[in-house]
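The values are calculated or read from the model by the stated rules, or taken from the named source; none is laboratory data. Worth saying up front: this structure is predicted, and the values here are computed from it rather than measured. Positions of Cβ are backbone-derived with ideal geometry, glycine not excepted, and every protein chain shown enters the neighbour counts. Only protein heavy atoms, including side chains, enter the accessible area calculation; ligands, DNA and RNA are left aside. Shrake-Rupley method; radii C 1.70, N 1.55, O 1.52, S 1.80 Å.
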Amino acid sequence: MIFLAIGLCLGLLTFLLTRRPIPAAVTAVLTAVFAYISLPTLAWGYWSAILVLAPALIISIVVLTYERQKNGPSKVTRITLGAISLVIAAMVIVPFVTSTALGRSDQFHDLLTPVDTLNNSVDLPPFDPTQVRVVDQAMAVRLADKRLGEITALGSQVDVGTMRIQSVADELFWVAALDHRGFFKWLNNREGTPGYLMVSATNPSDVRLVTELDGAPFHLKYNGGSLFGDNIERHLYSNGYTRRGMTDPTFEINDEGRPFYTVTLFDNEIGFSGADATGVLTLDAQTGEIAEYGFENAPDWIDRIHPEEMILDQIGYWGRYPHGWWNPSDLDKLEPTSEAALVYGKDGRSYFYTGLGSYGSDEGAIGYMLVDTRTKDTRFFKQAGATEAAAMSAAESALPEKDFTASFPIPGNVNGAWTYVTPLKNAEGQIGAIALVNVADYRIVGVGENARIAERDYQRKLAARTGRLTTDAGVSRSEITGVVTRAAADIREGNTDYYLQISGSAGKVFIGGSSISPELPITTVGDSVSLAFDDTGSGISFIKGFDNLSLSIGQDQEQTR
């Protein structure tokens, strides 16, 4: 066993230093236990590799010092103590010197290499009111616990593991393994826990307890509550991954529902600091089978290779050292405005999103970052706007009488404009409304009891400010001709919006005002019309040009004369 081998090696080192079998045996035991618990990375560049030497060196110093005091100084003892002291000094000084940002700030800064861009809307998919992430992590945990509590026998044996959002067959779910509740639960059920939980991120009524695959029951032998040799990282360590940095074991399922743990492999790029992902391991949660992948050949179902914490650290380095380590005026320094949100782009890939603000200031964001969670390709959008906290406050202020609490906002693309989307929850944690907050101007807030109503409210308010807001970025102009199948008017705050549905428009709703065309207010069902609109890909589009082909206003006037 690897842990016993580590202990024996360090025990042998202690024996060579002290010539005493008992201290050597004590070292061997302590080191083996330490290695079993901490799983040290046995390679230069990792603090754990240094710490594993600590028992041997400390015990050797104690024994040799005692021998020196008891038997008097000897040349061998002095040389050995001096050598050990030099080794300890090197073990402390060298990592510190090689890992500090002093003299290496450029290396820390360049761990991330963002590409500046002005066209931000192309990266986020068009807003779809049927696919709004109304369920946040806290709500997903509550719904999963409730589902588990409905099964008395199961609820007493297992816990819900860490909920992580994931795209499964192009649908968003919060997914968590069932973990053993403690030592005796694990001991009595070595076969594993009977499945995992899925909570739809877009539908709080869709909560699934998955206990069968292909019509047969299955068990997760490896889960967050497994102990000893069944522990996820210890299993990997025991199967040869002793010299590779490993972090962030994450429960994920493939598109067929088969359960895995993904574990990031990383190297420290700057001395003992600057962790950067190099690949990913998959551990079959049923069989313990291990596979290793690089960025290019990792299976498509793996959403994250680069962990959130690692990416936030690198964003912090990038923003902290734009002009080197010595920058007392904080010139051009930036820092993340919040935690990173996991979002999904038009390409279906997942990205970490965070705002960036001036160092030490929380007044607003001066830009935003999207980081590909698999490749670490990074884009930096220089657009001043609202921080996530400001957007949450604006959403809550839109309905002050309700005393709603906003969830952490997720950015999206509405009519070409970056927009924060956040559910508003009541005191019981239930969804009371949906809010859309414009990133560039958080005073533009649309709210509604559901996503469609919120989008209409937001689109109307956004259109009222088109004179000073650019909303066409990344949106294609389209035209359609057809027959009006539905028509209605909506009057709010003294403004009238006209809603039309046109044959052949695949269920789209078109919105416009009389300022677009005087023919809009008198258009009725059955009229043939031609209109131009901005095609955002969503179900609602604003009319940019309109012509009612069934009306001949000029001809009627000529006949009247």
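Just need a number here: residues in the range 281-332 that are among the hydroxyl-bearing types (Ser, Thr, Tyr), touching a residue at least 24 places away in the same chain (Cβ under 8 Å) and open to solvent by 60 Å² or more (accessible area, probe 1.4 Å).
Residues of the range 281-332 that are among the hydroxyl-bearing types (Ser, Thr, Tyr), as a first pass: 282, 287, 293, 317, 321, 329.
From what is left, the residues that are touching a residue at least 24 places away in the same chain (Cβ under 8 Å) are 287, 317, 321.
If we keep only those that are open to solvent by 60 Å² or more (accessible area, probe 1.4 Å) as well, we get 287.
Total meeting the criteria: 1.
So if I check each of VAL158, VAL207, VAL132, VAL141, which one is among the aliphatic types (A, V, I, L, M), open to solvent by less than 60 Å² (accessible area, probe 1.4 Å) and within 25 Å of ASN413 (Cα to Cα)? Only one candidate passes the filter, namely VAL132. Can we say THR41 is of a type in the set (S, T, N, Q) and touching a helix residue (DSSP H, G or I) at 6+ places or on another chain (Cβ under 6 Å)? So THR41 fits the description; yes.
Applying the selection to the range 340-358, what residues are assigned to a strand (DSSP E or B), under 10 Å from the mean Cα position of the chain (by Cα), more than 17 Å from PHE127 (Cβ to Cβ) and aliphatic (A, V, I, L, M)? The answer is LEU342, and nothing else. When you look at ASP347, is it surrounded by fewer than 19 Cβ atoms within 10 Å (Cβ to Cβ) and closer than 23 Å to SER273 by Cα, yes or no? Against the criterion (surrounded by fewer than 19 Cβ atoms within 10 Å (Cβ to Cβ) and closer than 23 Å to SER273 by Cα), ASP347 does not qualify.
The residues of the range 263-273 that are open to solvent by less than 10 Å² (accessible area, probe 1.4 Å) and under 18 Å from PRO40 (Cα atoms), listed by number, are VAL263, THR264, LEU265.
Which one of these is in contact with a His (Cβ under 8 Å, 6 or more places away or on another chain) and either farther than 22 Å from GLY149 by Cα or of a type in the set (Gly, Ala, Ser) (or both): SER205, SER226, SER200, SER238?
Details: SER205 fails: in contact with a His (Cβ under 8 Å, 6 or more places away or on another chain); SER200 fails: in contact with a His (Cβ under 8 Å, 6 or more places away or on another chain); SER238 fails: in contact with a His (Cβ under 8 Å, 6 or more places away or on another chain).
Answer to the check: SER226.
The C-beta contact set for the range 19-42 (first residue within 20 Å of GLY245 (Cβ to Cβ), second residue among the basic types (Lys, Arg) and in a helix (DSSP H, G or I), distance under 9 angstrom, 6+ apart or interchain) comprises TYR36/ARG234; LEU39/ARG234. Confirm whether SER167 is out of contact with any Pro (no Cβ under 8 Å at 6 or more places or on another chain), in contact (Cβ under 8 Å) with a residue 40 or more places away in the chain and of a type in the set (S, T, N, Q). Yes. Within the range 479-536, the set of residues being open to solvent by less than 20 Å² (accessible area, probe 1.4 Å) and part of a loop (DSSP other than H, G, I, E, B) comprises SER505, GLY513, SER517, THR523, THR536.
State whether one or more residues within the range 366-385 are among the small types (Gly, Ala, Ser), over 22 Å from the mean Cα position of the chain (by Cα) and not in a helix (DSSP H, G or I). Yes, because at least one residue in the range 366-385 is among the small types (Gly, Ala, Ser), over 22 Å from the mean Cα position of the chain (by Cα) and not in a helix (DSSP H, G or I).
When ASP110 is tested against the conditions (1) at pLDDT 90 or above; (2) among the charged types (D, E, K, R); (3) closer than 30 Å to VAL62 by Cβ, the lone failure is (3). Of all residue pairs spaced 6 or more apart or on separate chains, those with beta-carbon atoms under 8 Å, a first member in the range 390-415 that is over 16 Å from GLY448 (Cβ atoms) and a second member that is open to solvent by 60 Å² or more (accessible area, probe 1.4 Å) and assigned to a helix (DSSP H, G or I) are THR405/GLU396.
Comparison of ILE6, ILE79 shows that the only residue that is farther than 26 Å from GLY240 by Cα, β-branched (Val, Ile, Thr) and assigned to a helix (DSSP H, G or I) is ILE79.
Within this structure, ARG452 passes the test of being surrounded by fewer than 20 Cβ atoms within 10 Å (Cβ to Cβ), among the charged types (D, E, K, R) and either at pLDDT below 90 or part of a strand (DSSP E or B) (or both).
Name the single residue, out of those in the range 146-168 being among the small types (Gly, Ala, Ser) and at pLDDT 90 or above, that is nearest to ARG133 (Cα to Cα). Ranking the candidates gives SER167 first. Across the range 42-59, the qualifying residues are those that are within 38 Å of the chain's Cα centre (by Cα) and over 17 Å from SER99 (Cα atoms), and the one among them that is modelled with the lowest pLDDT is ALA54.
Where residues in the range 421-459 are in contact with a Phe, Trp or Tyr (Cβ under 9 Å, 6 or more places away or on another chain) and of a type in the set (D, E, K, R), which of them is farthest from ALA390 (Cα to Cα)? Step by step, filter the range 421-459, then rank; the result is ARG456. Filter the range 385-407 for residues that are of a type outside the set (S, T, N, Q) and buried (at least 18 other Cβ atoms within 10 Å of the Cβ) and give the result. Within the range 385-407, GLY385, ALA386, GLU388, ALA390, ALA391, MET392, ALA394, ALA395, GLU396, ALA398, PHE404, ALA406 meet the criteria. Just so you know, in the range 328-342 the residues that are among the hydrophobic types (A, V, I, L, M, F, W, C) and touching a Leu at 6+ places or on another chain (Cβ under 7 Å) include one that is nearest to VAL134 (Cα to Cα), and it is ALA340.
Quick test for you: out of ILE59, ILE37, ILE79, pick the one residue that is surrounded by fewer than 20 Cβ atoms within 10 Å (Cβ to Cβ) and farther than 22 Å from HIS235 by Cα. If you could, list the steps in order and put the result at the bottom.
Numbers: ILE59 fails: surrounded by fewer than 20 Cβ atoms within 10 Å (Cβ to Cβ); ILE37 fails: farther than 22 Å from HIS235 by Cα.
Result of the check over ILE59, ILE37, ILE79: ILE79.
Among the residues making up the range 291-339, none is closer than 24 Å to LEU172 by Cβ and over 22 Å from the mean Cα position of the chain (by Cα).
Considering only the range 235-262, state which residues are in a helix (DSSP H, G or I) and crowded, with 20+ Cβ neighbours inside 10 Å.
As a first pass, look at the range 235-262 and keep what is in a helix (DSSP H, G or I): 235-238.
Selection gives LEU236, TYR237.
Residues that are aliphatic (A, V, I, L, M) and within 14 Å of ALA285 (Cα to Cα) were ranked within the range 211-223; the one that is farthest from the chain's Cα centre (by Cα) is LEU213.
I'd like to know if the range 423-433 contains one or more residues that are under 21 Å from SER541 (Cα atoms), in a strand (DSSP E or B) and not aliphatic (A, V, I, L, M). Working first, answer last.
Filtering the range 423-433 for residues under 21 Å from SER541 (Cα atoms) gives none.
No, the range 423-433 contains no residue that is under 21 Å from SER541 (Cα atoms), in a strand (DSSP E or B) and not aliphatic (A, V, I, L, M).
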